[in-house]
1. Between their Cα atoms, which of A:Lys108/B:Lys101; A:Lys114/A:Lys151; A:Lys214/B:Lys48 are more than 26 Å away from each other?
2. Largest first and in whole Å, what are the equivalent-ellipsoid semi-axes of segment B:121-229 based on the Cα gyration tensor, each being the root of 5 times an eigenvalue?
3. Could you line up B:Cys309, B:Cys112, A:Cys112 from fewest to most neighbouring Cβ atoms inside 10 Å?
4. Okay, helix-only estimate at 222 nm for chain B: each DSSP H run of n ≥ 4 adds -39500 (n - 2.57), divide by all residues, round to 500 deg cm²/dmol; what do you get?
5. In a GNM of chain A with a 10 Å cut-off on Cα contacts, which of A:Gly134, A:Gly305, A:Gly107 has the highest mean-square fluctuation?
6. With Cβ to Cβ distances under 12 Å as the rule, what net charge do the other residues near B:Ala281 carry (K, R +1; D, E -1)?
7. Taking H placed 1.01 Å from N in the peptide plane, check which residues at least 5 places from B:Val259 or on another chain put their amide H under 5 Å from its amide H.
8. Near B:Lys160, which aspartates and glutamates are there with a Cα under 16 Å away, not counting those fewer than 8 places off in the same chain?
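Values quoted throughout were computed directly from the atomic coordinates according to the rules given, and no laboratory measurement underlies them. Here the structure is a predicted model, which means the values were calculated and not measured. No Cβ is skipped: glycine too gets one built from the backbone with ideal geometry, and neighbour counts run over all protein chains shown.
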Amino acid sequence: MNAEPHTQSMMAKTSPLTSGGQPTLDHLAHLYREMLLIRRVEEESARGYAEGKIGGFLHLYIGQEAVGVGALAALRPDDYVVTTYRDHGIALAKGMSARALFAELFGKVTGCSKGLGGSMHMFDKEHHMLGGYGIVGGHIPLAAGVAFASKYRQDGRVTLCFFGEGAVSIGGFHEGISLAALWRLPIVFICENNEYSMGTPLSRSMSVEDVSLKALGYGMDRDRFFADDVLEVERRIGEAVKRAREESLPTLVEVRTYRFRGHSMSDPAKYRTQAELDEHKRRDPLLRARASLIEQGAPETRLEGIEKAVEVELADALQFAAESPDPDLGDLEAATYKGPFAY
Amino acid sequence: MTRTLRFREALREAMVEEMDRDDRVFLMGEEVGYYQGAYKVSEGMLDKFGPKRVVDTPIAEAGFAGIGVGAAMVGLRPIIEFMTWNFSAVAFDQILNNAAKLRQMSGGQFECPIVFRGPNASAAQVGSQHSHAMEHFYATIPGLKVVAPAFPADAKGLLKAAIRDDNPVLVMESETLYGVRGEVPDGENVVPMGKAQIARPGKDVTIVAYSRMTHVALDAAAALEKEGVSAEVIDLRSLRPLDEDTIVASVERTHRLVVVHEGWPYGGVGAEIADRVQRLAFDALDAPILRVTSLDVPMPYNKKLEQACMPQADRVVATVRRLLARGRA
């Protein structure tokens, strides 16, 4: 339980992946690279969308990278992750390749979901990425079911379930969280509070300002903090993951963040001021991680090396996606059912 | 060898045998455990398997339907009982958007081997909100399979097939059938989905039905026999996949088709069958395909009006008479 829920986090005091109580430079550099990859993937996605290479809805993770990267750093590779349609960053942080992601966005058969899912449905069985889901709140009971299976089999795995604060008002949130608390399931519910559910600010969508208060009614542990520092996200989510793994207890964690882009590509975000956006951009967790690396003595050349490597990975993934073939009409029925098509 | 079992006992045997065979299978729903089942289908199962595998839930259909889907996705094989299918309406999103679509939208990476089951359609004067024939909604959805047995042997055999299937399967039972007795084969008797059966052979007209309406169709056929009309009754057993071969073969012999089901006349399983038969056997038809459905209103409470709304044998008989009166077109 967080004693000071409104306190903006400072540097992590301890981290699961630290030596001598201080985060190692290598670990922070690794997280910086992941965050940067997501940022650049999302910027290229926006470009691909503008160029007509990506269709449908596109919800970018720019500004929120520290949530996914920090939270997933607290997991074991065999732990499960379930999230919403704003899923690119989470999928990459869970281990999906940029190739599989771009190919999916371009609707290609080499995409993670063979080009059948699209932006909102990033699945990667090998990395236990159980998908992005397009119906707000509908994936929350599903995620509880994944955790139910872990408890049933006693496999020691933890499930992370991400959603926005816009999902907190719908029934799926209540039923999923209520059952997870009742059955003490090994799951961490992470509310990425980016202040707007599409164009509606939290003040007009919820009767309380503190989303984590919702946990009280379920007798569930809770936490609440800002995502400015990726290491702090890792540490705080790590506490909830530990509680889930060792005591089979769920936690509701409200991570306060901000998306720098609109809800989706069709949203010019006229409901907020430039000053507000600028204020959040000054707190950009990605730039903060970079500054922190420099402060801790990482040479500029090392960071430039990371940045170049990300560009190389990106260029390779974009080329791979562009050159990949479309799926065939014949792939559809085979993907719909295991075994013969039921008609 | 066979034994006489009630419909609910046949369903229970299917679940018990499959849970003995495969420890990934569990039963979850409202009142399935300590209460012994709202309709006693799961009676005794909590004692046999314990609360880990016979899981009582609060009243939260969307929640526990979703729990089942998530558990299925990572390798368990849940049986989710709805106290009645009426209540699945609040879990419709879980079935439509998650269970049915998971496999395709993940590019075939994830399976959803789950069974949803419970009583469907009308019971006895339970009013408009407890009398829905929900199979029409679900049978339209690619990614799902839907079965609706009429006899205990098929209830057991189809439920076993459903539990073993790697896709989501919806089993439509009937409160008014739970006490019905029938012969059930001993031992392994897995009834394949997508195979209809001829419940009564005949030559003048084909009556297609399923679930409780198969019994109504058989009553109608018995009445028609007294008038010298030989009606063939096809018990579909499975709605998706649908055994169009058996229907078409029968229509090619009888040249006339009546479809009987509960639920409203706008769209639905009967309309689907009419579409397929006119496409596949147009030249065999001597008359239009007629449907006997529930009337096009919410189900009333009043007993007389309720009975009037439901398909009854006399309405089926009258419909067959209309059909035969046309002669060869």
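1. Details: A:Lys108/B:Lys101 19 Å; A:Lys114/A:Lys151 31 Å; A:Lys214/B:Lys48 38 Å.
Distance filter (> 26 Å) returns A:Lys114/A:Lys151; A:Lys214/B:Lys48.
2. Numbers: eigenvalues 119, 74, 44 Å².
Rounded to whole Å, the semi-axes are 24, 19, 15.
3. Working: B:Cys309 21, B:Cys112 25, A:Cys112 28.
Final ranking by Cβ density, sparse to dense: B:Cys309, B:Cys112, A:Cys112.
4. Details: 11 runs with 113 residues, N = 329.
Dividing the helical sum by the residues of chain B leaves -10000 deg cm²/dmol.
5. It is A:Gly305.
6. With Lys, Arg at +1 and Asp, Glu at -1, the net is -2.
7. So B:Val259 has HN proximity to B:Val208, B:Leu290, B:Arg291, B:Val292.
8. Those aspartates and glutamates meeting the cut-off are B:Glu9, B:Glu13, B:Glu17, B:Glu18, B:Asp20, B:Asp22, B:Asp23, B:Glu81, B:Glu173, B:Asp186, B:Glu188.
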